[in-house]
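The values are calculated or read from the model by the stated rules, or taken from the named source; none is laboratory data. Here the structure is a predicted model, which means the values were calculated and not measured. As a convention, Cβ positions derive from the backbone with ideal geometry for all residues, glycine included, and neighbour counts pool all protein chains shown. Accessible surface areas use protein heavy atoms only, side chains included; no ligands, DNA or RNA. Shrake-Rupley method; radii C 1.70, N 1.55, O 1.52, S 1.80 Å.
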Amino acid sequence: MAQNEDDVSAVSRRDFFKTVGVSGLATGVLAATEQQAQAAPGTLGPGPVPVRLTINGRPYNLHIEPRVTLLDAVRDHALLTGNKRVCDRGTCGACTMIVDGRTVYACSTLAIETQGKKIRTVEGLANGGTLHPVQEAFCDKDAMMCGFCTPGFVMATVALIEKFPHPTPAQIRHELNGNVCRCGTFNRVLEAAAQAGGVNHG
Amino acid sequence: MAEETMQQPPAANPNEPSANAKKYAWTVPPAKTAILSHRVERVDGPAKVSGAARYTYDINRPGMLWARAIRSPHPHAKIVEIDFSAAKQAPGVRGVLAWKDPGAEVMYQGDVVAAVAADSEDHARDAARLVKITYETLPFSVREASSKDPATPKIFATGNTRPGQATDVGDVAAAFKSAAHVYEATYDTQVITHVCLETHGAVCEWTGDKLTAWVTTQGVHGVRQQLAAALKIPEANVRVICEYMGGGFGSKIAADASVVIPARLALVTGAPVKMMFDRKEEHLDTGNRPSAFSKVRAGVSADGKCVAFEAETWGTGGAGQGAQFPLPYIYQFANRKRAHLDVYINAGNQRPMRAPGHPQGCFATEVLMDELADLVKMDPLEFRLKNLPPTAPDAMWGEYFKIGAKKFGWDKRRATGEGGKGHLRTGMGVSACQWGGGGRAGNAHVDILPDGSVVVKVGTQDIGTGARTVVGIVAADTLGVPLSTVKAQIGDTDLPFAGASGGSTTTAGISPAIRIAAGRAKEALLARLAPSLGGDASKLEIVNGRVQVKGGGKSLTWKAACKLLGQEPISIDNAWEPGLSSVNTSGVQFAEVTVDTETGIVKVDRVLAIQDCGLVIDTLTAESQVYGGVISSINFALFEDRLLDRRTGQMVNPNMEHYLLASIADVPKVEVMLMNMPERGVIGIGEPPTVPTASAIANAVRNATGATLRSLPLHPHRVLAALEAHKAGRKA
Ligand code: FES
Ligand code: FES
């Protein structure tokens, strides 16, 4: 009998692993927000409040509701639209930014909780007209098609190289595993990450 | 796509090369070309990696509002009342819109009913929740089986099913009688959604009676036409812009609600309006690949010739759309018969998805081929070679199978089910694909300006395939200038018409027009320069941007040469002409997998993809298309599945955590062999490589374990069930 006709709706092992993976990734974000919450003054909002962010070394004084995510603050208020919104719930990595040296899913981080932290977006990587070596590698290897996942992948790869300057294949696969590409650039992202790390994995 | 070819009347003899095509025939690459067919980095790579590329999602206009749709939560219902009163009072709300009127029916969860516009996205969402819609729920079906069941009440006005085209070739009954073996099985593939990373949407802004729409689309010109029609305004008053877009895969051809709603709300509010669907809306209401069920009977002769084929097929394209697919696929059955039924369910409608129909037909046929090969005790590759159409430039499977077998190490493949002793079993599978491609809808404008700038304007769009780079390469290579000299302008209806980017038609549609326009521009330039360079234009050439007399003598830098144009630039237009492009491609793929027989997890270890697409314009980006096709087919094989709850009619995984997609850790080693066929002209490569991987994987699982997987996706529970059945000697 054709199986799709009468689908087994039980959660497969694969679903289960994926779910665990997602919550595992979210933990880092939660830990950071907890610290902030303790330091925050009484109740804020729901109306707009002043929020001061340091993005790519520049101060931004924003007037936003406390519920606004870091991603929306950066894209819609600071008008830096390089990082993308794709799932808006911490499962695809398109919004990946580096906050105080750690990658975060900016869609699942509140802007107000990143005050006083160093926020890096994809716009902050190039030095004037010179691309960051990771960006260069993505261009050399054609590690992009439509390019919508690319800023997130580039940020995750920058964080990878900062953590493991000469990554092993396993380190690359592990560190970039939180990003999704629908066009299917993965093989070339692997090559680009290897090039950026000055390693040759054949 | 059909829409596209309709807009361009076919030439008298579509295959007869035009005079221009002969005159500006492709230089046979890559040895003799400067960049054509070489590995060229995409020209917009730096913009994409730096965040400078502006997608529709990134457009922010002064005073811009955000729109949000209100959608049916029911799979089938009648709208009784729409009450906007609370929503209108909500903070920041500037406009509301009824998309459907009371009395109308919603046919699936996610069907649009209304929309609101507010000064922020959050306010728009808040207000959307306050729109009160009263429904009278109606009977529904979200299963093909129940819609097909005559006992199910009529849900759709035209009936719950619609018979598709039937085929009947040869004498099927006699052929079955003569067959040494007759085999029966049922195959099926699931519905998957496009999951474009940039969701559908648009930013619309009116200036007087003129509308500018930034739309994430695969066809700016088509969207202009449809948008103008929907708004009942002249096409001349609409400009559609799409500089960059984040994936479409067939779902972004038409001007749907994601475009018309913001246009209408912008009109009523007098402000620019942006609407971008969220992930759930994207899953529910922006298209999908239909399901495909095939109940097949096949007959083979004792010496392994396919003689008879009979199939009953059905599938769903949603609430009123078809689900056609080719069957049998590629392999020849002299006598064949098929009846097809389109089945409607209360779920979002299908839209073309990367190689529409082919992955489905390929799966049923290729898995069947492996089962038949075992029946006649032949190697599956030998069996395929025996049943292929005759080899031709557009039918190269036999050659590719042989090349691939050698490269992949097919001789190390073990017999079915002998994939090892422990719980990890390995196996190999093969599969083939075909696609039409080609395209005729392209116009190009080439300017050579007195300061040395070259501007090439083509109203196509880049859906990720590298169209901007293709425009640049063809123009630069034809003119003899470096790629950096050419500024390629695309993605705007103010540019010359080009068709929608669907069906792998873009490169073949635009390249001939650019080739001829650039060739004519070069000729015009040399004629103007001749008096300064010895008087004979035919003795001049342009090499790497230098204009020189052939065989030595006077020469000029590109800049100095163009300066001689004075006030009047070279400006040339040309349309597509026959003779520089073609249709029909072939490819084959090999896959090796490891199956964990304890967990049911399938891991793809390596894939070899051999693919032709006529003349390769850019080897680097063409290879990317193949990599992408393979990954997308792995998703189809192992992960993706749109799950609908039969009791509530709801999609249970309208997100990206339970709607599974491969991540980088799932990716096998992929080897791509592009077969360049410059003599055939340009064809296109977007779809074919995504067709065969899934079937090759299913066959590899069968080879590894002996268990046949006739149902996609190969989720662990299915693999385990098939292994159980195999062990018990049952057919899964
Ligand atoms: S948009 Fe943030 S993880 Fe997907
Ligand atoms: S390049 Fe399109 S989603 Fe990754």
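Using a cut-off of 9 Å between beta-carbons, work out the net charge of the residues near B:Thr416 (Lys and Arg +1, Asp and Glu -1, B:Thr416 not included).
-1
How big is segment B:138-189 on each of its three principal axes, counting only the C-alpha atoms and giving the largest first in Å?
The Cα atoms of segment B:138-189 stretch 51, 21, 20 Å along their principal axes.
Express the carbon and sulfur contribution to the solvent-accessible surface of chain B as a percent, rounded to the nearest whole number, probe 1.4 angstrom. The partial results should precede the final answer.
Details: 13260 of 25420 Å².
The C+S portion of the solvent-accessible surface of chain B is 52 percent.
If the cut-off is 26 Å between C-alpha atoms, which lysines fall inside it for B:Lys539, apart from same-chain ones fewer than 8 positions away?
Correct list for B:Lys539: B:Lys22, B:Lys23, B:Lys32, B:Lys522, B:Lys550, B:Lys554, B:Lys559, B:Lys563.
How high is the relative contact order of segment A:41-122, given as a whole-number percent (alpha carbon pairs under 8 Å, six or more residues apart)? Please list the in-between numbers first.
Working: 159 pairs, mean separation 28.1, N = 82.
RCO, segment A:41-122: 34 percent.
Could you work out the local net charge near A:Val68, counting Lys and Arg as +1, Asp and Glu as -1, over the other residues with Cβ closer than 12 Å to its Cβ?
Combined, the nearby Lys, Arg, Asp and Glu give -4.
Just to be sure I understand: of the beta bridges DSSP finds with both ends in the protein assembly as shown, what percent are antiparallel, rounded to 5? Write out the running numbers ahead of the final one.
Working: 112 of 144 bridges.
DSSP beta bridges in the protein assembly as shown are roughly 80 percent antiparallel.
Could you order peptides B:133-143, B:407-417 by the average number of other Cβ atoms within 10 Å of their residues, highest first? Could the numbers behind the result be given before it?
Values: B:133-143: 17.7, B:407-417: 15.1.
The packing order, highest mean first, is B:133-143, B:407-417.
Which lysines does B:Lys280 reach when only Cα atoms under 23 Å apart count, and residues fewer than 8 places away in its own chain are ignored?
Result set, ordered by chain and number: A:Lys18, A:Lys84, B:Lys78, B:Lys100, B:Lys132, B:Lys252.
For segment B:576-635, what class follows from the C-alpha gyration tensor (a ≥ b ≥ c being the square roots of its eigenvalues): rounded when a/c is under 1.5, otherwise prolate if a/b is larger than b/c, else oblate?
Working: a/c = 3.75, a/b = 3.18, b/c = 1.18.
In terms of gyration-tensor shape, prolate.
Counting partner chain Cβ atoms within 10 Å of every residue's Cβ in A:147-158, what's the average?
Working: counts 17, 14, 4, 8, 5, 1, 2, 4, 1, 1, 0, 0.
For peptide A:147-158, the averaged partner shielding equals 5.
Whole number in Å², please: accessible area per residue of segment A:125-202, 1.4 Å probe, ligands, DNA and RNA not counted. Don't skip to the answer; put the middle values down first.
Details: 2650 Å² over 78 residues.
With all protein chains present, segment A:125-202 gives 34 Å² per residue.
With N residues in the protein assembly as shown, what two-decimal value do you get for its Cα radius of gyration over 2.2 N^0.38 Å? Before the final figure, lay out the partial values.
Values: Rg = 28.2 Å, N = 934, 2.2 N^0.38 = 29.6 Å.
With N residues counted in the protein assembly as shown, Rg over 2.2 N^0.38 Å equals 0.95.
Could you point to the residue in B:Ala308, B:Thr193, B:Gly248 farthest towards the positive end of segment B:188-338's charge dipole, with +1 and -1 charges on the Cβ of Lys/Arg and Asp/Glu respectively?
B:Ala308
Along the Cα→Cβ direction, 7 angstrom out, place labels at B:Lys563 and B:Asp303. What is the inter-label distance in nm?
For the pair B:Lys563/B:Asp303, the computed spacing is 7.7 nm.
Count the DSSP beta bridges whose two residues both fall in segment B:226-360, then state the antiparallel fraction as a percent rounded to the nearest 5.
Working: 8 of 17 bridges.
Roughly 45 percent of the DSSP beta bridges within segment B:226-360 come out antiparallel.
Mean separation of Cα pairs under 8 Å and 6+ residues apart, divided by the residue count of chain B: what relative contact order is that in percent? Intermediate values should be presented prior to the final figure.
Values: 1893 pairs, mean separation 119.3, N = 732.
Here the relative contact order equals 16 percent.
Normalised by the residues of segment B:63-138, what does the relative contact order come to in percent, with Cα pairs under 8 Å and at least six apart? Spell out each step's value before the answer.
Details: 186 pairs, mean separation 36.5, N = 76.
Taking the mean separation of contacting Cα pairs over the length of segment B:63-138, I get 48 percent.
Heavy atoms only, probe 1.4 Å: what % of the accessible area of segment A:41-122 goes to carbon and sulfur, would you let me know? Mind dumping the intermediate values first?
On the way: 1780 of 3350 Å².
Of the solvent-accessible surface of segment A:41-122, carbon and sulfur hold 53 percent.
Find, to one decimal place in angstroms, the Kirkwood hydrodynamic radius of segment A:125-202, where the mean of 1/r is taken over every pair of different Cα atoms and then inverted.
Numbers: mean 1/r = 0.0822 Å⁻¹.
Hydrodynamic radius (Kirkwood, Cα pairs) of segment A:125-202 is 12.2 Å.
Provide the buried accessible surface between chains A and B in square angstrom, both chains summed, 1.4 Å probe, rounded to the nearest 100. Mind showing how you got there, number by number?
On the way: alone 12040 and 28380 Å², together 34170 Å².
Rounded to the nearest hundred, the buried surface is 6300 Å².
For A:Lys163, give me every one of the lysines with a C-alpha distance below 21 angstrom, ignoring sequence neighbours fewer than eight places off in its own chain.
A:Lys117, A:Lys118
For chain B, with every protein chain kept in place, what is the accessible area per residue (1.4 Å probe, Å²)? Show your work: numbers first, answer last.
Details: 25420 Å² over 732 residues.
Heavy-atom accessible area per residue stands at 35 Å².
Run the dipole for the protein assembly as shown about the Cα centre, Lys and Arg Cβ at +1, Asp and Glu Cβ at -1, nothing else charged, and hand back the magnitude in debye, nearest 20.
Values: 97 positive and 92 negative charges, 171 e Å.
In debye, rounded to 20, the protein assembly as shown gives about 820.
What's the local net charge at B:Glu282, with K and R +1, D and E -1, over the other residues with C-beta under 15 Å away? Don't jump to the answer; show the numbers that get you there.
Details: positive: A:Lys84, A:Arg85, A:Arg89, A:Arg182, B:Arg68, B:Arg71, B:Lys252, B:Arg279, B:Lys280, B:Arg289, B:Arg351, B:Arg642; negative: A:Asp88, B:Asp111, B:Glu198, B:Asp256, B:Asp278, B:Glu281, B:Asp285, B:Glu640, B:Glu657.
Surrounding charge for B:Glu282 is +3.
Multiply the residue gap between B:Ile403 and B:Glu679 by 0.36 nm, knock off their C-alpha separation, and tell me the result in nm, one decimal place.
Working: separation 276, 0.36 × 276 = 99.36 nm, distance 2.07 nm.
Full extension of this stretch gives 97.3 nm more.
Give the shape of chain B as rounded, prolate or oblate, defined through the alpha-carbon gyration tensor: a ≥ b ≥ c are the square roots of its eigenvalues, a/c under 1.5 means rounded, and otherwise the shape is prolate if a/b is larger than b/c and oblate if not. Working shown, then result.
Numbers: a/c = 2.06, a/b = 1.14, b/c = 1.80.
The shape class here is oblate.
Could you check what % of the DSSP bridge pairs in chain B are antiparallel, to the nearest 5?
Numbers: 97 of 127 bridges.
Percentage antiparallel, nearest 5: 75.
Within a 10 angstrom radius of each residue's Cβ in A:72-85, how many Cβ atoms of other chains show up on average? Whole number is fine.
On the way: counts 3, 0, 0, 3, 8, 2, 0, 2, 2, 9, 8, 2, 7, 8.
Whole-number average of other-chain Cβ neighbours for A:72-85 is 4.
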